[in-house]
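Some notes on the structure that comes next.
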Amino acid sequence: MSDAVDAIIGQWVKERPEVAEDLWPVQLFARVQRLARVVEKSAKAAAAAHGVEYGEFDVLTTLQRSGPPYALTAGALLKASMVTSGAITNRIDRMEAKNLVERVRDGEDRRTIKIRLTDHGHEVTRAAFADHLANYARLLADVDRDLITKTGDGLRQLLEALGDTGIE
């Protein structure tokens with residue numbers, strides 16, 4: 001069986017045969033990048049069905065999984081989302097306008113502002129997350145579960161080797 005990455009590698013081998021032995025990382029990284037694009041496109045569509053952008057969905061689910069009181073500082077959200085501080089501020093502004101989140105002062109330190117899910121934000125998150133999981137299951141419906149488990153285990157080992165072991 002052959003895929004687009006095999007074709008790309010074949011083109012490089014033909015064009016630059018002297019780098020053929022150096023192309024081995026492309027087999028993994030190009031496939032991970034292509035897989036990420038396929039999944040992100042599908043996930044964006046699933047989020048849009050609930051009236052939110054994919055980045056907003058990320059904030060909603062980050063707040064939801066943080067547990068009660070479902071509130072984090074913008075800095076904590078920034079670390080979780082890997083976007084610029086300006087981008088997270090704009091995202092929160094849009095979400096506040098949609099009544100998905102609200103800015104609240106921390107009870108212990110009034111200087112600290114936290115971003116908290118609203119009741120409407122909880123409702124949207126519950127529905128969107130259920131559809132998100134169903135979408136993932138649909139994408140993998142024809143793939144052997146053992147292969148998924150082994151691939152996940154292998155990717156975990158690679159991420160650990162590259163030092164990516166935390167949520168941030």
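The values are calculated or read from the model by the stated rules, or taken from the named source; none is laboratory data. Please read all numbers here as calculations on a predicted model, not as lab measurements. All Cβ positions, even for glycine, are placed from backbone atoms using ideal geometry, and neighbour counts span all protein chains on display. All accessible areas refer to the heavy atoms of the entire protein, side chains included, with ligands and DNA or RNA removed. Shrake-Rupley method; radii C 1.70, N 1.55, O 1.52, S 1.80 Å.
Checking each residue in segment 141-165 for being at pLDDT 95 or above, open to solvent by less than 80 Å² (accessible area, probe 1.4 Å), part of a loop (DSSP other than H, G, I, E, B) and closer than 25 Å to PHE29 by Cβ picks out only VAL143.
ILE113 - would you say it is of a type in the set (Val, Ile, Thr) and more than 20 Å from ALA43 (Cβ to Cβ)? Spell out how you get there, then give the answer.
Working: of a type in the set (Val, Ile, Thr): yes; more than 20 Å from ALA43 (Cβ to Cβ): yes.
Yes; evaluated as a whole, the condition is true for this residue.
When ARG116 is tested against (1) surrounded by 13 or more Cβ atoms within 10 Å (Cβ to Cβ); (2) assigned to a helix (DSSP H, G or I), only condition (2) is not met.
Could you count how many residues in segment 33-52 are open to solvent by 50 Å² or more (accessible area, probe 1.4 Å), more than 16 Å from ALA134 (Cβ to Cβ) and in contact (Cβ under 8 Å) with a residue 24 or more places away in the chain? Residues flagged as open to solvent by 50 Å² or more (accessible area, probe 1.4 Å), more than 16 Å from ALA134 (Cβ to Cβ) and in contact (Cβ under 8 Å) with a residue 24 or more places away in the chain within segment 33-52 amount to 2.
Any idea which of (1) small (Gly, Ala, Ser); (2) surrounded by 15 or more Cβ atoms within 10 Å (Cβ to Cβ); (3) under 14 Å from the mean Cα position of the chain (by Cα); (4) within 26 Å of GLY154 (Cα to Cα) is the one ALA30 doesn't satisfy? Among (1) small (Gly, Ala, Ser); (2) surrounded by 15 or more Cβ atoms within 10 Å (Cβ to Cβ); (3) under 14 Å from the mean Cα position of the chain (by Cα); (4) within 26 Å of GLY154 (Cα to Cα), the lone unmet condition for ALA30 is (3).
Yes or no: ASP131 surrounded by 11 or more Cβ atoms within 10 Å (Cβ to Cβ), at pLDDT 95 or above and of a type in the set (Asp, Glu)? Yes, satisfied. Of all the numbered requirements in (1) under 23 Å from ARG156 (Cα atoms); (2) within 15 Å of the chain's Cα centre (by Cα), VAL5 misses one, and that requirement is (2).
Total residues in segment 46-103 satisfying the condition of being aromatic (Phe, Trp, Tyr) and out of contact with any helix residue (DSSP H, G or I) (no Cβ under 9 Å at 6 or more places or on another chain): the figure is 0.
What about THR118, is it polar (S, T, N, Q), farther than 21 Å from ALA43 by Cβ and in contact (Cβ under 8 Å) with a residue 40 or more places away in the chain?
Numbers: polar (S, T, N, Q): yes; farther than 21 Å from ALA43 by Cβ: yes; in contact (Cβ under 8 Å) with a residue 40 or more places away in the chain: no.
No; evaluated as a whole, the condition is false for this residue.
Select, from ASP164, ASP109, the only residue that is more than 20 Å from the chain's Cα centre (by Cα) and charged (D, E, K, R).
On the way: ASP164 fails: more than 20 Å from the chain's Cα centre (by Cα).
Step by step, each of ASP164, ASP109 is checked, and only ASP109 is more than 20 Å from the chain's Cα centre (by Cα) and charged (D, E, K, R).
Taken as a whole, the condition of being among the β-branched types (Val, Ile, Thr) and within 22 Å of ALA130 (Cβ to Cβ) does not apply to VAL83.
How many residues, within segment 1-31, are free of Cβ contacts under 8 Å to residues at least 12 places away in the same chain and of a type in the set (Val, Ile, Thr)? Looking only at that region, the number is 2.
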